[in-house]
Amino acid sequence: MVPYAAGDYDPDSMPKAVPVPENWAELPDEQLLDLRMCDLPIALPGSVMQGRIAELQAELDMRELKVPVHYYLAEEWFTPDGATSMAVPFYLAHPRLEKLERAQMLEVEGGDYEWCMRILRHEAGHVVDNAYKLRLRRQRKLLFGSSSEPYPEFYTPKPYSKSFVMHIDPWYAQSHPDEDFAETFAVWLTPGAFWQERYVGWPAAKKLEYVDGLMQSLRGKKALVDAPTEMEPLSKVRKTLRQHYRHKRRHYGVERPSFYDRELRRLFSDAPEHAGNMSAVQFLNRIRRPVRRLVADWTGIYQYTIDQVLNDVGARCRELKLRLAVPEEQARHEFTVFLTVQTMNYLHSGRHRVAL
């Protein structure tokens, strides 16, 4: 529940304030990137998030959960530990900033309605956990594990495990007991989720049944904690958008992972008989977007990260002067598997999305 950028900057080295022009949203990216984040004239009221937050609140009200959720703008999605507040990423407060986020990171986390509501429900799980001090309950510890466990530098997902629900991405619940609880709560809260049918026979159903009973017992009860703490609010972030994205891309980037030529030569070849075939680089450029999206959906890793892997693969194919050696449809399928495996290796190495 800690934002990835916490503590990475010395406030004394931050750039000084510069006037933000009234037409700031019309600035080209290069000029927009020089604005300090704390100077951005944005707010949650009046943004697309206003309606989505109201919808989440309606879902909580329908369940009679009296949780005093406080929302504020920050760099990323997260819930401060022990607080009843929820940080919403700044880029969702204005269409121009969403456009910049997509240009810098290739995607907007929570940018579309369904994705955003999934994240909001997940974060609400953390807030409810904090508000009622649920992590102290014996049964909660037995089912989900102890919240005192440190967040791991990396975790190895079990793709076929039925002990965890699937919500934000297929394996996020496996990263930490608190994420497991938040993901389970989010599935329970989602209207029309039909979790009783979807998870029938799964060990995860016991967690959902526990959450269902627990939330029934909290109906109409006042929260034990009302702590609208704002950890690293946008108003205090003095770095520029350029500094923010430079760090974010570095965090979600790659450090030249090892790719085995033998694996690439299963799909591509530099043999004379394939000289008239499409080059591997052309093929990768053709399939890049759909394959990147597919692997991101399956692994939960940023498309930006996967794009860096693709860049390295493309560079190696160019160096080796490789061309297609199998039918295009077969190559597409096998390359998607190859990219997924490499991305999973990256996930296991510890440089994956941090906790929400």
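The figures follow:
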quantity	calculated
Identity of the residue in segment 209-254, surrounded by 15 or more Cβ atoms within 10 Å (Cβ to Cβ) and touching a Cys at 6+ places or on another chain (Cβ under 7 Å), that ends up nearest to Ala124 (Cα to Cα)	Leu234
Meets criteria (on the phi < 0 side of the Ramachandran plot, of a type in the set (A, V, I, L, M, F, W, C) and in contact (Cβ under 8 Å) with a residue 24 or more places away in the chain) for Ala83	yes
Among residues of segment 314-356, those that are among the β-branched types (Val, Ile, Thr) and modelled with pLDDT of 90 or more, counted	1
Some residue of segment 259-280 being modelled with pLDDT of 90 or more, out of contact with any strand residue (DSSP E or B) (no Cβ under 8 Å at 6 or more places or on another chain) and not assigned by TED's automatic domain parsing to the domain that holds Met166	no
Phe181 vs. criteria in a loop (DSSP other than H, G, I, E, B), crowded, with 20+ Cβ neighbours inside 10 Å and touching a residue at least 12 places away in the same chain (Cβ under 8 Å)	no
Among the candidates Tyr172, Tyr160, residue that is surrounded by 15 or more Cβ atoms within 10 Å (Cβ to Cβ) and either modelled with pLDDT under 90 or more than 16 Å from the chain's Cα centre (by Cα) (or both)	Tyr172
Some residue of segment 210-221 being closer than 18 Å to Phe78 by Cα and among the aromatic types (Phe, Trp, Tyr)	no
Restricting segment 197-208 to residues that are over 30 Å from Ala87 (Cβ atoms) and of a type in the set (A, V, I, L, M), the residue that is surrounded by the fewest Cβ atoms within 10 Å (Cβ to Cβ)	Val200
Verdict on Val108 being modelled with pLDDT under 95, in contact with a Leu (Cβ under 8 Å, 6 or more places away or on another chain) and assigned by TED's automatic domain parsing to the domain that holds Trp24	yes
Filter result for Arg118 (within 22 Å of Glu75 (Cβ to Cβ), exposed (fewer than 15 other Cβ atoms within 10 Å of the Cβ) and either among the basic types (Lys, Arg) or touching a Gly at 6+ places or on another chain (Cβ under 6 Å) (or both))	no
Criterion violated by Ala205 - all others in (1) within 25 Å of Asp61 (Cβ to Cβ); (2) out of contact with any Lys or Arg (no Cβ under 8 Å at 6 or more places or on another chain); (3) of a type in the set (Gly, Ala, Ser) satisfied	(1)
Selection from segment 104-145 of residues that are in contact with a helix residue (DSSP H, G or I) (Cβ under 9 Å, 6 or more places away or on another chain), part of a loop (DSSP other than H, G, I, E, B), on the phi < 0 side of the Ramachandran plot and not hydrophobic (A, V, I, L, M, F, W, C)	Glu107, Glu109, Gly111, Tyr132, Arg137
Tyr210 vs. criteria outside the structural domain of Gly125 (by TED's automatic domain parsing) and either in a loop (DSSP other than H, G, I, E, B) or at pLDDT 95 or above (or both)	no
Segment 184-196, residues that are exposed (fewer than 14 other Cβ atoms within 10 Å of the Cβ) and of a type in the set (S, T, N, Q)	Gln196
One residue from His244, His167 being outside the structural domain of Leu97 (by TED's automatic domain parsing) and within 20 Å of the chain's Cα centre (by Cα)	His244
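The values are calculated or read from the model by the stated rules, or taken from the named source; none is laboratory data. Quick caveat, the model's predicted, so the values are computed rather than measured. Virtual Cβ from ideal backbone geometry, glycine too; neighbours counted across all protein chains shown.
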